[in-house]
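This report refers to the structure that appears directly beneath it.
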Number of protein chains: 2
Amino acid sequence: MKIKVIIQFLAFYIILAIPGIVSSQPPRGPLVISPQVNADKSVTFRYLAPLANEVKLSGQFLKAPVAMTKDAQGIWSVTTEPIKPDIYPYNFQVDGIGVMDPANVAFFPNERFKASLVEIPADVPSVYSLREVPHGTISYEYYPSVEGSTGTLVVYTPPGYTKERAKKYPVFYLISGTTDTEETFYKVGKTNFILDNLIADGKAKPMIVVMPYGNPAARIAEQKGLSKPADIMNRDSEDAVKRAKFFETDLITNIIPYIEKNYRTLTNRENRAIAGFSRGGGQTLRAAFNNMHKFAWVCSYASYISPAEMDKGFSHIGGDAAKTNQQLKLLWSGIGTEDFLYKGTVEFEDYLKAKKVNFKSYVTDGGHTWMNVKKYMNETLPLLFQ
Amino acid sequence: MKIKVIIQFLAFYIILAIPGIVSSQPPRGPLVISPQVNADKSVTFRYLAPLANEVKLSGQFLKAPVAMTKDAQGIWSVTTEPIKPDIYPYNFQVDGIGVMDPANVAFFPNERFKASLVEIPADVPSVYSLREVPHGTISYEYYPSVEGSTGTLVVYTPPGYTKERAKKYPVFYLISGTTDTEETFYKVGKTNFILDNLIADGKAKPMIVVMPYGNPAARIAEQKGLSKPADIMNRDSEDAVKRAKFFETDLITNIIPYIEKNYRTLTNRENRAIAGFSRGGGQTLRAAFNNMHKFAWVCSYASYISPAEMDKGFSHIGGDAAKTNQQLKLLWSGIGTEDFLYKGTVEFEDYLKAKKVNFKSYVTDGGHTWMNVKKYMNETLPLLFQ
């Protein structure tokens, strides 16, 4: 992004002078280049804040935030050690408050924190790199959702979708986690590039991927104009159980029918897969176990259901393992050893083992991160619909 | 957005405890609700920054930034006067530095500043409101661009596009301004909702809208890994003229053929329109005047070409006004009286008048803002392809 910023800045004066779009903004100050990925894969981060007392860099390539130092212009900067190639979230802690990097347009869509993204390129293309292969299309859709509200979906259609007009495709539903939005799998997870690359390499089947927003109850409250915090607090505590079912209801009664009406889909359970990360993984397992007639391929990315809830809510899964094994073409569970959900995931997997439910386990290093989510996608996409 | 944030936060503890996704983030601190639109259309903005010396609210609904006051928890807040309904960019000036509102997911895609968006709803739906009408689809496309690079496009297809499989549509190319990205017309301009509403009301023809990134030279430099500022500076100053032509070349030789190959389009000039805002308006006028065989409908949103450049570079436009008037079904120029490009636009319009070139002029109040861009779209979309 840094180069784009420089050229924009010069273009500004050379081609056509356009002052600040936000008219009440203060002067922009000196041009800041950030992040600057250096040849040795170290990165220089810079942030303009002449009056701040302390600015730190926080990022998932660091064990802990590191101090930045201020120059005479008020630009704080730090150069990291060389970083292992990947795409990492980071932000600046300005007097303790996390802010995005204003010199970088690549950002992490999230409802509770603001982070930017930095890509450290590998010497050969990574599984998520933009390569010169045929590209699928990402579409933003608006669909009629629960309680008369309008819902949002991000949909991937594979290369050739518009050309091969008679062909129908299997569908993969992909559910994002707490405080993430329907854009997070696309913008942070690079689902489209991972799948473009796997399809080009003959490793995954062309498929449609549907990425919903995982918290329709929040959207409904917002669209109904419930704007007083007290209203929401009450609504929230009273209707907690109802809300937990909202996502599943919306998926089964609104999202799947909308997709099957508007896209060329194969509509039997053997051509429907579901996966999710974190809270979305929990929603995935619950929606799938409650609707075994709908899904034959089920993946949990860093999530689980406790043995107690399995026995109480989903006893049919372990109770008739032979039937479960016959129904599910794939039950997949991936987790990082440093993930704070590692222990719970192991307990879930032990439960499945004890009940003789077939599943595939994938254990990697790292934590509850989108670096790992990209690995989970790259592992599971080749398994689906095969 | 505020309500979504509250429910997410509660969901956090009630449904499934998922700590911070960015593991090296400091604790999130108290929950902040912002922006909170009040019943009288005043808005309360809040920002957590216990250690900041000064926090101000900056927004296009204000003449100048206003001071915020800090409470015992370190949350700065201010409640505005009632605000005229619209969607406004705003940000917080934290010790003089502009940052997005971390409690709000609605943001302004831009390469040089970070701003969030607040919508003050009107008592009846606005032209850009999400209404219960059939919705078109927004797609993010990757296309082969100049110099072997991959370009990005945001494309709107109208409601019914996937159903009516034999129907072909006219195409409207819409170019964003300096430091904006290919997402800005969608995320800030609400082009999709404006057109959904106009189509539903029978006021605009169903059409495809193509929104490119306006600065392909910057993308090429970035994809080639020209990461040293000095390289870019040199490249930039040496190739300024070449860069100015890049956009037009990319549009004519790559973008239009890509769209016409991959979408069901009507491909004669009478079914091709072009418009742009700010720098994108200048690019629009130059691309159209250089390629009269390609476009019959041309709109400038708050931009112009100087009489000197018209005489030097585009003398055919005024030199044979009869031919120009026969070729252009629409030449449209819109500007706000407080826009810093108002004077130049008036000179451009006076030049056209003197040369007897037909055009439509639209003058409104307000400045160089996306509130006005929404008006320009709402005025011009009903005129196209009629």
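The values are calculated or read from the model by the stated rules, or taken from the named source; none is laboratory data. If you're wondering where the values come from, they're calculated on a predicted model, not measured in any experiment. Note that we place each Cβ from the backbone using ideal geometry, even for glycine, and neighbour counts take in every protein chain shown. Calculation scope for accessible area: heavy atoms of the full protein, side chains included, ligands and nucleic acids excluded. Shrake-Rupley method; radii C 1.70, N 1.55, O 1.52, S 1.80 Å.
For the reader, a short list of remarks on this structure follows.
- Each other copy holds its own label point for A:T44; taking that point as 7 Å from Cα along Cα to Cβ, the gaps run 4.5 nm, nearest first.
- Spin-label pair A:A64/A:R264, simplified geometry with 7 Å Cα→Cβ offset, distance in nm: 5.7
- Distance violations [Cα-Cα > 26 Å] among B:K168/B:K353; A:K168/A:K190; A:K168/B:K167; B:K41/B:K190: B:K168/B:K353
- For region A:137-383, a Kirkwood hydrodynamic radius built from all Cα pairs, placed in the Stokes-Einstein relation at 4 °C and 1.567 mPa s, yields a translational diffusion coefficient of 70 µm²/s.
- Chains B and A, summed buried accessible surface - 1.4 Å probe, Å², nearest 100: 9700
- Chain A - percent of accessible surface contributed by carbon and sulfur, probe 1.4 Å: 54
- In this structure region B:117-220 gives 29 Å² per residue of accessible area when probed at 1.4 Å with all protein chains present.
- Sorted peptide list for A:248-255, A:153-160, A:63-70, criterion being average Cβ within 10 angstrom, highest first: A:153-160, A:248-255, A:63-70
- Each peptide in A:103-115, B:271-283 gets a packing score, the mean of other Cβ atoms within 10 Å over its residues, and the list from highest to lowest is B:271-283, A:103-115.
- The protection proxy used here, the mean number of other Cβ atoms lying within 10 Å of each residue, ranks peptides B:305-312, A:286-293, B:52-59 as follows, highest first: B:52-59, A:286-293, B:305-312.
- Gap separating the Cα centres of region B:255-317 and region B:330-386, nearest whole Å: 15
- Per-copy distances of the B:V346 label point, shortest first, in nm (7 angstrom along Cα→Cβ): 7.6
- Cα-based shape type of region B:279-320, given that a ≥ b ≥ c are square roots of the gyration tensor eigenvalues and the cut on a/c is 1.5: oblate
- Per-copy distances of the B:A322 label point, shortest first, in nm (7 angstrom along Cα→Cβ): 9.2
- Ellipticity estimate at 222 nm from DSSP helix runs (n ≥ 4, -39,500 (n - 2.57)) divided over chain A, nearest 500: -8500 deg cm²/dmol
- Stokes-Einstein diffusion of the protein assembly as shown at 20 °C, 1.002 mPa s viscosity, Kirkwood radius from Cα pairs, rounded to a whole number: 79 µm²/s.
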